[in-house]
Amino acid sequence: MSRADREVERTPDGRWVVVDGRRWRAQDPQLPADVRERLLHHLGVGRHGVRAARGDDAAVAAARARVQLAKTGLGERGPTWWEQTDDERRARWEDALAALDDLP
């Protein structure tokens with residue numbers, strides 16, 4: 001069974017997922033489905049870009065910046081989503097998407 005096929009364990013408060021015994025911040029549960037989909041698409045593009053750009057430092061940095069923006073929009077990085085107001089949470093993902101959509 002691949003990692004993607006496994007059920008993800010969550011902490012009781014829902015703020016963290018546990019994968020192979022390691023705790024990672026969970027995505028913001030208030031993300032609308034279409035927003036989550038767009039952010040995950042950008043995350044995939046960024047991760048692919050990191051792999052494809054090996055040896056080109058500028059391209060790797062640009063791809064990593066895309067990954068960072070996507071993960072911030074998802075709530076996995078940056079300020080913790082559970083400490084943000086609803087307006088701050090919405091602004092976080094809208095700002096991330098606006099920046100991501102402007103990238104080539």
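The values are calculated or read from the model by the stated rules, or taken from the named source; none is laboratory data. What you see is a predicted model, and the numbers here were worked out from it, not measured in a lab. All Cβ positions, glycine included, derive from the backbone under ideal geometry; neighbour counts span all protein chains shown.
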Do we find that Val18 is among the β-branched types (Val, Ile, Thr) and not in a helix (DSSP H, G or I) in this structure? yes
Out of curiosity, is Arg15 farther than 18 Å from Asp102 by Cβ, touching a helix residue (DSSP H, G or I) at 6+ places or on another chain (Cβ under 8 Å), at pLDDT 95 or above and of a type in the set (D, E, K, R)? yes
Among residues of segment 58-72, those that are of a type in the set (Val, Ile, Thr) and under 10 Å from Leu39 (Cα atoms), counted: 2
Whether any residue in segment 31-48 is within 16 Å of Ala98 (Cα to Cα) and of a type in the set (Gly, Ala, Ser) is what I want to check. yes
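In segment 39-58, is there at least one residue being more than 17 Å from Glu94 (Cα to Cα) and in contact with a His (Cβ under 9 Å, 6 or more places away or on another chain)? Even if it seems obvious, please write down each step before you answer.
Start the filter on segment 39-58 by keeping residues that are more than 17 Å from Glu94 (Cα to Cα), which leaves 44-58.
Applying the additional criterion that residues be in contact with a His (Cβ under 9 Å, 6 or more places away or on another chain) yields none.
No; the residues of segment 39-58 include none that is more than 17 Å from Glu94 (Cα to Cα) and in contact with a His (Cβ under 9 Å, 6 or more places away or on another chain).
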List, please: which pairs have Cβ atoms under 9 Å, are six or more places apart or on different chains, and start with a residue in segment 92-104 that is over 14 Å from Gln68 (Cα atoms) and end with one that is among the hydrophobic types (A, V, I, L, M, F, W, C) and surrounded by 14 or more Cβ atoms within 10 Å (Cβ to Cβ)? Glu94/Val35; Pro104/Ala62
